[in-house]
1. Tell me which residues, restricted to the stretch B:146-156, are more than 20 Å from B:LEU200 (Cβ to Cβ) and in a helix (DSSP H, G or I).
2. Within the stretch A:333-342, can one find any residue that is in a helix (DSSP H, G or I), at pLDDT below 90 and more than 13 Å from every other protein chain (Cβ to nearest Cβ)?
3. Return yes or no: is B:TRP186 assigned by TED's automatic domain parsing to the domain that holds B:LEU118, closer than 15 Å to B:LEU129 by Cα and hydrophobic (A, V, I, L, M, F, W, C)?
4. Of (1) touching a Phe, Trp or Tyr at 6+ places or on another chain (Cβ under 7 Å); (2) at pLDDT 80 or above, B:LEU64 satisfies all except one. Which?
5. What pairs come up if the first residue lies in the stretch B:194-213 and is under 17 Å from B:ILE164 (Cα atoms) and assigned by TED's automatic domain parsing to the domain that holds B:LEU157, the second is modelled with pLDDT under 90 and acidic (Asp, Glu), and their beta carbons are under 8 Å apart, counting only those six or more places apart or on different chains?
6. Can you give me the number of residues within the stretch B:82-124 that are assigned to a helix (DSSP H, G or I) and either within 14 Å of another protein chain (Cβ to nearest Cβ) or without any contact (Cβ under 8 Å) to a residue 24 or more places away in the chain (or both)?
7. As an exercise: evaluate B:THR242 against (1) in contact with a strand residue (DSSP E or B) (Cβ under 6 Å, 6 or more places away or on another chain); (2) more than 11 Å from chain A (Cβ to nearest Cβ); (3) among the polar types (S, T, N, Q) and give the number of the one condition it does not meet.
8. Test A:THR427 against the criterion of being assigned by TED's automatic domain parsing to the domain that holds A:ASN348, β-branched (Val, Ile, Thr) and buried (at least 19 other Cβ atoms within 10 Å of the Cβ), and give yes or no.
Amino acid sequence: MLRRFRLPTSRSTVWRAAALLLITILAAAAFGASKSPAQLDERAAELPRAQTLYVGRTGGPLVPNGNPLSPAAVTDAGLRQAVFEQLFYFNWINGKVKGWLAKSFKYNSGFTQLTVDLRSGITWNDGKPFTSADVAYTFNLLLTTPTLANAGIVQTTLKSVATPSRTRIVFNFSKPDRRFVGNILAGYIATGVTIVPKHIYEGQNAATFTFWDPARGWPFGTGPYRLTTQETSRATYTRNSRWWAAKRLLRPLTRKSKRTKFHELPAPRYLVYQTVTPDIEAQSLVTDRLDLSSGNINGLGTWHSIRGQNKLLNTWSKNGFVDPCPISLELNAKAEPWDDPQMRWALNYAIDKRRFSNLFNQTAPYITGFVFPDYPRLRAVLKENKAVFDRYPSTMHSLQRSNQILTSKGYRKSGNRWVNAQGRPLTVNLKLFSPTVAASWGVARETLTQQLESAGFTVNSQALDFGGLATALSTGNFDALGWFECGSISEPWQTLYRWRNENLAPIGQRNPTPNNSRWDNARYTAIVNEMALLPGFSAKAKQLTTEALTIFLRELPVIELTQAAKTIIYNTKYWKNWPNEKNAYFQPQPQLYSFHEVLLNLKTAPKR
Amino acid sequence: MTLRYFIGRLGFFVAIVWATATLNFVIPRIAPGDPIEDTVARLTAAGQSTEGADELIAAYRAQLGLDDPLVVQYFSYLKAIFTLDLGYSAALFPVRVSTLITDALPWSIGLLTVSTLLAFVIGSLFGALLVWPKTPRLARLALSPFMILSAVPYYLLAILLSFIVAFKLNLLAPTGGTSPGITPAWSIEAIVDIVKHATLPALSIILSAVGFWMLGMRGMMVTTVGSDHMLLAEAKGLRPRTLFWRHGVRTAILPQITALTLALGEVVSGAVLVEVIFGYPGIGGLFYQAIRSNDFPLIQGISIVLAISIAFAILVLDLIYPLIDPRISYRRR
């Protein structure tokens, strides 16, 4: 029966149909492309170079998500830096908190209550006033929705939020928290909470809301720029002439001042965050297509290779910019034989940290002996505790000392390898980032493996992507693991606090604490818990710091491999007043919240 | 073409899509590692905030439907494919996989369809001319270097082209799908801008692919030129142009068309490295990022689109091939 039906096909009709299909596909593609990126500015045209600030970035794809409370929201491409603003900004250089949307804060005597006062006259970029209700609404969302960014850390201490007036917020804590402003309100490193507009979020499910509707001008914040267009590798922003801070007031800001504006508009009229590969970034800097490098690349290799090719390029300092997260080797304090502190010291002595640092950063060796970033106030802490470091020389490379320890523990050499009494080799399961995460990790793996094998250890090294390494770290599936230690910036407590022994999970289960080594020392934990409520540089805090450092270095759950020097290259052809070692008004990284401060301080360079 | 043949091919198409979708469902679930654990580990590690990770994982599992029994998950997954609702991306939550794919797909289809067709036409023509006896010697010499380019990976060509054309000669933009500030739209300015941005990625693909098509065509043309029907056609006194096009190229090109159809079926997967190098907003770059971040829902979504596209290409090929080559019949023998 079916054979009687014939589809009307001939050679010519098939060719016509194929051509039609192809044209349809291409037309659909063209139509789709015209719809796909954010269409926020119908009058968009190519941007004038001299009025545009081009910033490099290396992160993942830019996607239609403008919700700053999404844990997976892209944070390094301008939304956090230029569209949304923070209540406070944390200055890593001087360790101080600068008020922005908020003008002041005050804790009660027991640090169980914090009062924050907002500036008046702030408006969202849709014209609605920014008030304490927005702040309270945001924090109440975080208290009730565990899937939002920073909800976990906020819920640790925050109990409730009250709004006695339109400009005053009172935070009530379930336990004392004297660092809530620095950690949560000031965008410390990556834990800052961004306030969202209550009038938009109300009635939405904040966990799945993307705050993305170009036709309605979404996303928007209180910031000096608004998003104009976005494709997966580039976000373009236009200066917002109606920015609250640049509005002229009827009266001067203060009696002494004649200023009638809180702040001038930033100099760049346009801002472009461009995703770049290292090669493209280097060439773009040389040819003046880029004004600032991504700031996320380890080492100064790029700088060394291009500095002679464009005299207008410069960098923070000859050692790059020190990242707040030094590169470390986490040692598993629950895995035999590394649960023995002396064995950890044997490993430490076997590693030539200076050589590692030299190769990793492509600079002169840059190590300090501890996993604090080398910032002025922390440098002073290490200097004050020189006696502790003399006693526990953590930067020392000594195969002799390593051999002594291993011999005392019953190991012997079989050929070039250390073996135990049963003749089994002394093995280190070493896990590190794969070079696809950052090229310098390829060098790191090669260097560490070679150094440890030269010292007689049998090394099983494995290179993993970010997720794989983070999972190994969290479940304790390693002997030694290359990582980065974010914590202190201006006072020692934040880093020291990470190795307390509370709530440690057994090996195999995900560890809910930042004590990646699962190091368990009751006295140390008691000390850092006591430090939590003390001003960072009080006499008592200093004494406790020394005691904590002594225990930590004696037991060495983690080794500082190197300070992380980041390449931050800036171009002075179109813009000047970049932050650098001599003009260190703020940290320079464009992927941080605090780049807001750099944006506001840049000035137009004279024509060359 | 009979309806029975058409329905049979259609059934085969559905079977391929179903089998691929099932494999796509099974493989990530038996592979080591947990995408949610991975994603949360990445997020918490990046921010160094580990508090509340358990709640975050539980909530993510519930939202992505990973708490349900496997059978329920499987049927939900098939339903999702059927309704084109591919759920949320794990690494880019709460953005939907379908949003990410539909945003990126047009760029890749536009870039790769044009560059694949151009490479096919140029490569097949050059390949045929290489062995055609009447081709001038000088032309043959000039065409040969294109074959060498087939040995150069296209991403190396991409780097080289961007360095020379974009940075040294400053002729074209090195990255992006459009210039900053230009919105894709139906305007001359926007279209010119899009074509300018697509030129370098397309050129790197075309230059490296032309050699491939040339090699295939040259091989087939060598056999064709020496065949009896060509001798007969020549003996009949046909014009050289007719001999070349109607009797030479038309016979030799059949296997090339099979390869072209499959290549066109693959355009939806994008040109991963070229898109990464040129920051092109296509699906290849998205696929690369999805793999880097173990974003299984997105990887599954892109894979299923790719499977459907290739299966569709095979279906079209099955339907049109008997018309291109009369030796192949719709009927069973």
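1. Selection gives B:MET147, B:ILE148.
2. There is no residue in the stretch A:333-342 that is in a helix (DSSP H, G or I), at pLDDT below 90 and more than 13 Å from every other protein chain (Cβ to nearest Cβ).
3. No; evaluated as a whole, the condition is false for this residue.
4. B:LEU64 satisfies all of (1) touching a Phe, Trp or Tyr at 6+ places or on another chain (Cβ under 7 Å); (2) at pLDDT 80 or above except (2).
5. Going by the 8 Å Cβ cut-off, the qualifying pairs are B:PRO201/B:GLU275.
6. Residues meeting the conditions: 25.
7. Single failed check for B:THR242: (1).
8. When the stated conditions are applied, A:THR427 does not pass them.
The values are calculated or read from the model by the stated rules, or taken from the named source; none is laboratory data. Predicted, not measured: the structure shown is a model, and the values here were computed from it. Positions of Cβ are generated from backbone atoms using ideal geometry, with glycine treated the same way; all protein chains shown enter the neighbour counts.
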